[in-house]
Amino acid sequence: MIIVTGASGTLGTPLVRRLVRDGADVHGLSRRARRGGGVTWHAGDLAEGPAVLAEADTIVHLASDPFKKGADVAQARGLLKAARPDARLVYISIVGIDRHPYSYYRTKLAVERMIESSGRPYTILRATQFHEFVARFFDAMSRGPAYIVPSRTSCRPVAAAEVAARLAELALGEPAGRVPDLGGPEVRGTKDLARTYMEITGKRRPLIPVRLPGKTGRAFREGLHLASAPGGSQTWPEFLAERLLSSTPRP
């Protein structure tokens with residue numbers, strides 16, 4: 001039995017679909033009741049350690065709340081308290097968090113260390129930012145007068161579906177500790193990402209680069225969040241074209 005936390009999210013949705021296709025007994029944990037998708041759904045607050053976690057052979061931990069301080073640590077604490085001592089843990093993390101001062105990244109690193117010191121068999125995969133995340137950022141900017149992007153900053157976005165495919169392999173395999181990072185096939189500057197978004201979507205706005213302040217801004221400019229080698233294959237333009245096609249009404 002595999003339980004996926006955050007199973008209805010950007011990464012959870014393709015992961016669950018992949019695990020079901022591979023014949024796994026998949027259970028999804030969500031904040032509210034859900035149905036369908038070949039999954040047995042459970043509703044519960046992860047921080048409270050839902051009892052169903054004690055039934056899992058493998059727990060793939062995707063749930064995260066970057067906008068609520070302390071949420072990720074509280075969720076990990078609840079998960080570790082409720083899970084069986086021999087349950088395998090698979091955790092999705094973020095590239096570069098060892099040296100990056102961004103507060104959310106420091107939280108992800110704290111959760112990694114909780115898992116590593118838990119005494120349970122585990123696998124940790126770090127990935128770069130998802131295409132989907134970058135696209136939603138520009139979608140939000142499209143509702144305003146301009147695209148504001150961090151200056152002198154690059155990104156190596158990767159498709160959530162490709163991260164999900166790798167996580168499915170890890171969840172169905174043996175515990176492997178920290179595995180190689182997964183990033184997209186190309187490094188692109190934020191201005192280039194924005195221009196490509198405008199070209200493919202047809203949404204035109206002025207482009208305004210803004211220098212991010214402090215240690216966090218410097219860390220992003222230095223590329224601490226970039227994977228050292230690619231792993232995914234879908235490029236940013238390919239993702240946008242596919243996304244546009246899937247959202248176009250068919251005659």
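The values are calculated or read from the model by the stated rules, or taken from the named source; none is laboratory data. Everything numeric in this text was worked out from a predicted model, so none of it was measured. Here the Cβ is made from the backbone with ideal geometry for all residues, glycine too, and neighbour counts use every protein chain on show. Surface accessibility is based on the protein's heavy atoms, side chains included, excluding ligands, DNA and RNA. Shrake-Rupley method; radii C 1.70, N 1.55, O 1.52, S 1.80 Å.
The table below lists the values:
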| quantity | calculated |
| --- | --- |
| Sorted largest first, extent of the range 198-251 alpha carbons per principal axis (Å) | 51, 32, 13 |
| Cα-based equivalent ellipsoid, the range 13-88: semi-axes from gyration tensor eigenvalues, Å | 21, 15, 11 |
| Value of [θ]222 nm, deg cm²/dmol, for the chain, DSSP H segments ≥ 4, -39500 (n - 2.57) each, nearest 500 | -11000 deg cm²/dmol |
| Descending semi-axes in whole angstrom, ellipsoid equivalent of the chain, from the Cα gyration tensor | 32, 22, 16 |
| Cα-based helix-to-principal-axis angle, 71-82 vs the chain, degrees rounded to 10 | 20 |
| Cα Rg over Rh - the range 37-184, Kirkwood | 0.99 |
| Restricting the range 143-179 to trypsin sites (Lys or Arg not before Pro) in coil, as DSSP defines it, with at most 13 other Cβ within 10 Å | R143 |
| For the range 76-116, alpha-carbon Rg relative to the globular expectation (2.2 N^0.38 Å, N residues) | 1.27 |
| GNM flexibility winner over the chain from F239, F67, F220 (Cα, springs under 10 Å) | F67 |
| Cα centre as origin, Lys/Arg/Asp/Glu Cβ charges: the chain dipole, Debye | 1060 |
| Euclidean distance between Cα centres, the range 57-98 to the range 110-165, Å | 16 |
| Computed over the range 55-118: relative contact order in percent, which uses C-alpha pairs under 8 Å that are six or more apart | 39 |
| Solvent-accessible area per residue for the range 130-234 (1.4 angstrom probe, square angstrom) | 49 |
| Portion, in percent, of the accessible area of the chain that falls on carbon or sulfur, probe 1.4 Å | 53 |
| Point-to-point label distance, V187-R113, nm (Cα→Cβ direction, 7 Å offset) | 2.8 |
| Antiparallel content of DSSP bridges confined to the chain, in %, to 5 | 5 |
| Solvent-accessible ranking of S154, S93, S103, largest area first, probe 1.4 Å | S103, S154, S93 |
| D45-E199 FRET efficiency (beta carbon distance; Förster radius 41 Å; 0.05 resolution) | 0.45 |
| The range 147-233: radius of gyration and largest Cα-Cα distance (Dmax), Å | 15.9, 49 |
| Accessible area per residue in Å² at 1.4 Å probe, computed on the range 36-97 | 44 |
| Prolate/oblate/rounded call for the range 182-222, Cα gyration tensor, a/c under 1.5 rounded | oblate |
